[in-house]
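Visitor: Before we start, here is the structure in question, set down as structure tokens.
The values are calculated or read from the model by the stated rules, or taken from the named source; none is laboratory data. Only a predicted model underlies this, so the values are computations on that prediction, with no experimental measurement involved. Here Cβ is always computed from backbone atoms with ideal geometry, including for glycine, and neighbour counts include all displayed protein chains. What goes into the accessible areas is simple: the full protein's heavy atoms, side chains included, and nothing from ligands, DNA or RNA. Shrake-Rupley method; radii C 1.70, N 1.55, O 1.52, S 1.80 Å.
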Amino acid sequence: MKEQIQALVQLQDIDNQANKVQIELEEGRAKLTSLETDLQELAEKISIQTEEMQAVQKRQRELEGEIEAAKALAERSRERLSSIKSNREYKALLREIDDGSKRIADMEEEVMEIMTQVEETQKVISGLEEEKKAVATAVEDETANVSSRSADVEKKLKTFESSRSKICASVEPQILSRYNLILRNRDSMAMAAVEDAVCKACHMGIPPQIYNELQVGDRMLFCPHCDRILYWRKPEEE
Ligand SMILES: [Zn+2]
């Protein structure tokens with residue numbers, strides 16, 4: 001039984017290493033996905049800001065056209081003033097010119113506001129563009145990182161798999177299936193070292209009788225608290 005438990009400890013060690021490299025790879029992939037989402041969100045923000053800016057710029061061009069037309073109209077009205085004989089008509093035309101000037105002033109003010117707004121939006125857009133550039137670089141780096149790492153992980157997993165099958169061949173089938181079952185049910189941790197009568201997996205105390213039996217080592221024993229397969233480890237081995 002001692003050899004069987006020893007083999008399971010080795011198996012657990014390999015399974016731990018395999019899990020670790022897989023988790024690392026998954027973390028890399030998750031990081032990449034989150035960076036790609038960031039990149040997409042930035043692109044969307046830029047496109048929204050650009051569309052808004054283009055809409056106000058269109059309004060600006062319309063206003064500029066209207067201002068030009070209003071100025072031309074005012075010019076013609078002023079020319080007409082000298083040829084008007086009736087006082088009433090003269091006053092009406094003057095008022096029209098005055099109203100026109102006010103309208104032109106209002107429109108010119110709106111154009112100024114639009115120009116300020118466009119300037120600010122352009123600043124926002126170039127800030128977003130900078131950010132997008134940085135994220136795009138990070139995406140590129142992480143993509144390269146993940147692809148080189150996944151090749152590496154695959155190689156490692158193959159090595160783990162071959163050592164695993166060698167060990168599995170030396171373990172009795174029912175012991176192995178017990179190990180695999182606990183592995184699945186207990187967070188990929190089937191083996192629990194016991195040091196000074198404490199289970200190192202769940203940190204609970206092991207009853208003296210089990211602890212004594214464990215040191216003799218001729219029976220497969222389980223932690224009464226976490227159900228893992230126990231093995232005795234002298235504290236100095238750590
Ligand atoms: Zn335990």
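Visitor: Per the Kirkwood definition applied to all pairs of different Cα atoms, how many angstroms is the hydrodynamic radius of region 1-126? Let's see the in-between values first.
Guide: On the way: mean 1/r = 0.0469 Å⁻¹.
For region 1-126, the Kirkwood estimate is 21.3 Å.
Visitor: Averaged per residue, what accessible area in Å² does region 88-166 show with a 1.4 Å probe, protein chains only? The partial results should precede the final answer.
Guide: Numbers: 5690 Å² over 79 residues.
Ligands and nucleic acids excluded, the figure is 72 Å² per residue.
Visitor: Which value, in debye to the nearest 20, describes the size of the charge dipole of the chain about its Cα centre when Lys and Arg Cβ atoms bear +1, Asp and Glu Cβ atoms bear -1, and nothing else is charged?
Guide: Details: 35 positive and 48 negative charges, 115 e Å.
The dipole of the chain has a size of about 560 debye.
Visitor: For region 174-237, what is the largest minus smallest coordinate of the Cα atoms on each principal axis, given in angstrom and ordered from greatest to least?
Guide: Answer, in whole Å and largest first: 28, 23, 22 Å.
Visitor: Shifting gears a bit: Just from its helices, what would the mean residue ellipticity at 222 nm be for the chain, if runs of 4 or more DSSP H residues each count -39500 (n - 2.57) and the sum is divided by every residue, rounded to the nearest 500 deg cm²/dmol? Walk me through the intermediate numbers first.
Guide: Details: 4 runs with 185 residues, N = 238.
One gets -29000 deg cm²/dmol as the mean residue ellipticity at 222 nm.
Visitor: Then there's this: Counting only protein heavy atoms and using a 1.4 Å probe, what share of the accessible area of the chain belongs to carbon plus sulfur, as a whole percent?
Guide: On the way: 7950 of 15690 Å².
Taking all protein chains in place, the chain shows 51 percent carbon and sulfur surface.
Visitor: Beyond a 26 Å Cα-Cα separation, which of these cross-linked pairs lie in this structure: 158/234; 58/102; 20/158? Spell out each step's value before the answer.
Guide: Details: 158/234 32 Å; 58/102 22 Å; 20/158 14 Å.
Among 158/234; 58/102; 20/158, the Cα-Cα distance tops 26 Å for 158/234.
Visitor: Same structure again: Along the charge dipole of the chain, which of 134, 216, 43 sits closest to the positive end, that is, farthest toward it, with unit charges on the beta carbon of Lys, Arg, Asp and Glu (+1, +1, -1, -1)?
Guide: Selected residue: 216.
Visitor: How far apart, in nanometres, would the label points at residue 222 and residue 31 be if each is projected 7 angstrom from Cα along the Cα-to-Cβ direction?
Guide: 4.0
Visitor: Please enumerate, by chain and number, the aspartates and glutamates with C-alpha under 12 Å from the C-alpha of residue 156, excluding those fewer than 8 residues away in the same chain.
Guide: Answer for residue 156, where 12 Å is the Cα cut-off: 15, listed by chain and number.
Visitor: Given labels modelled 7 Å from the Cα in the Cβ direction, how far is it in nm from residue 113 to residue 40?
Guide: Result: 3.8 nm between the two label points.
Visitor: Counting only C-alpha contacts under 8 Å and six or more residues apart, can you give the relative contact order of the chain as a whole percent?
Guide: On the way: 184 pairs, mean separation 69.5, N = 238.
Computed over the chain, the figure is 29 percent.
Visitor: Would you list the P(r) distribution for region 101-238, with all Cα-Cα distances sorted into 10 Å bins from 0 and each bin expressed as a whole %?
Guide: Result, from short to long distances: 10, 20, 17, 12, 10, 9, 8, 7, 6, 2, 0 percent.
Visitor: Taking the Cα centre of the chain as the origin and placing charges on Cβ (Lys, Arg +1; Asp, Glu -1), which of 32, 22, 143 is farthest toward the positive end of the dipole?
Guide: Of the options given, the answer is 22.
Visitor: Debye sum, Cα scatterers, the chain, no solvent: what log₁₀ I/I(0) at q = 0.12 1/Å?
Guide: Summing over Cα pairs of the chain leads to -0.86.
Visitor: Still on this structure: Given R₀ = 35 Å, FRET efficiency for residue 202-residue 170 by Cβ-Cβ distance, to 0.05? Before the final figure, lay out the partial values.
Guide: Values: r = 28 Å, r/R0 = 0.79.
For residue 202 and residue 170, the calculated efficiency is 0.80.
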